[in-house]
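For reference, the structure discussed in these notes is given below.
The values are calculated or read from the model by the stated rules, or taken from the named source; none is laboratory data. These figures come from a predicted structure and were not determined experimentally. Methodologically, a virtual Cβ is constructed for each residue, glycine included, from the backbone with ideal geometry; neighbour enumeration extends over all protein chains shown.
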Amino acid sequence: MIAVDSASVRHDDLPPEWGRSGTWLIILVSILTVLVLLLFHWLGPPTVEEVEADIWKDWARATVDSQGENIAGLLAQRRQEACQKLLDDFGQTTTKYGESFVLRTSVRSIRVIDATGNTFASWESEEASLAGPPVGWSNVTIPLFLEEQEPLGKLEVLYKFNELTLGALPNLRRIAWLHDLAGWLFAFLGMAMILAVLANLHRLRERALRVRSQQVTLDLARQLCHELRNGLWAFSLEGNNLRRLFEMIENYFSQEPQALAEAAQRLRIDPKEMDRLRRQIKKQLADLHLDPQTDVLSATELAKDAHQQIESFSKYINLTVEQLDRNLLGQNLQWEPISVRTSECWKQAHELLTLRIQSAGVKLEEVIETSDDWVHLDRRALVHVFVNLAKNALEAMRDQRPAGKITFRLRQSGDHVEAIVHNTGRPIDPAILPHIFRDGFSTKLGAGRGIGLALVKESVRRMAGTIWVESDATGTSFHLKLPHKRPSESPPLQVGSK
């Protein structure tokens, strides 16, 4: 047994005026823009204030007393006098030598505040009371802590880097310039991509409409292909009947003289009287302007030539249709799920193939074992599946004598509806079973083969169903399981067999 499982049908919710490609393009542009902005933010250089704050953090960690304790350590040990001395020494050094630092530095005040908010130690320059409001001065607050402990307090510094500020340093200026340039470049590229997408929306909409129109055309073309194949098959069968009729006519005229002579001999009719009878019949036919030997045989020859031409043309058209259907295989069609009865879809497929079934002399048996055979899917697709399975059964019994039988069985299988199409043809070789649903695989010669069951597999996949095949000495059965879905109201169906 070979099973082919499928996933549930997934419907695209993309804006139809954009089309799938347009929607994906917009999504990709949006994602790329967000990633560029995040990258630009992560790669941004630090501000002057952040650099200055790092300088004061390093100073707070590096400044130590005679015992090697920094400000945070003194605050943790509550050594207020030692901390006050550190601040005084720093303030005096800055007042005395601030002009000669790498950056001219002025400190107006510095305070160490403990965790309770009280001032632990502080220093203020002598000019602070005479300098007026702190205009142009910068204030920085540094948390003080030891390793991974909770903050012990904070350090507040009111300072000013005179004349040559950090923002004027060449390296910082270069970094800031490159960052600004990169920002403008990213902004330009983002705007260019957005404008390109907007400029192509009209063209994408036209493309989506064109693809939609092509899908409708492909749908009609595939239906036309299958209808043409059905008609051509019946036409070819009638042509064979005509050819046998022509052969019977020729055989009649070739055997007529001998048959008449033997009949006259059995009836003991004088051969001379028999010849007179023949001449009299020919004379009467001639008076009616009839000559069977010439007219009928000549017409037969003309009809045979016409049949030969039509049969060749039929084979060419059938080959063309098969190739066209193969090219159309795999195209997306409009999918219109509705609530339908599985038995009604089989009935419609049977009606489409009535001529072929009758011409082949195949018997048809239907066994309906459930009255609840509702499913929710595309009606046309299910009919198409049954048509292909029935045609496959007819081909499997083409040379069978006496004529075979097709049995359609419908039953409930848990939360699924199971349909079985069985034929009494020759069993399928076990080596072939794993490949029977593969596109293009066929045991028959000729172009365009191996399409029907591939279409069946694709349709069943979209229906969220399962199909498998079993074959033994009694014939071949195709099992189709579809999810059962009952509508709100459904009239009862008579159960029975025929």
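Given (1) surrounded by 15 or more Cβ atoms within 10 Å (Cβ to Cβ); (2) modelled with pLDDT under 70, where does GLN215 come up short, assuming only one miss?
Single failed check for GLN215: (1).
Is it true that some residue in the range 402-409 is at pLDDT below 90 and within 29 Å of the chain's Cα centre (by Cα)? Give the derivation first.
Step one: filter the range 402-409 for residues at pLDDT below 90, giving 402-404.
Still in the list and also within 29 Å of the chain's Cα centre (by Cα): none.
No: zero hits.
Can you work out which of the residues in the range 83-102 that are buried (at least 17 other Cβ atoms within 10 Å of the Cβ) and among the small types (Gly, Ala, Ser) is nearest to GLU124 (Cα to Cα)? Can you show your working first?
Residues of the range 83-102 that are buried (at least 17 other Cβ atoms within 10 Å of the Cβ), as a first pass: 83, 86-87, 90-91, 94, 98.
If we keep only those that are among the small types (Gly, Ala, Ser) as well, we get 91, 98.
Details: GLY91: 8, GLY98: 15 Å.
Once the filter is applied, the top-ranked residue is GLY91.
Looking at TRP56, is it more than 30 Å from LEU453 (Cα to Cα) and modelled with pLDDT of 80 or more?
Working: more than 30 Å from LEU453 (Cα to Cα): yes; modelled with pLDDT of 80 or more: yes.
Taking the combined requirement at face value, the residue satisfies it.
Please go through the range 340-387 and give me each residue that is part of a loop (DSSP other than H, G, I, E, B) and not polar (S, T, N, Q), ordered by number.
LEU353, GLY361, VAL362, GLU369, ASP372, ASP373 - these are the residues of the range 340-387 that are part of a loop (DSSP other than H, G, I, E, B) and not polar (S, T, N, Q).
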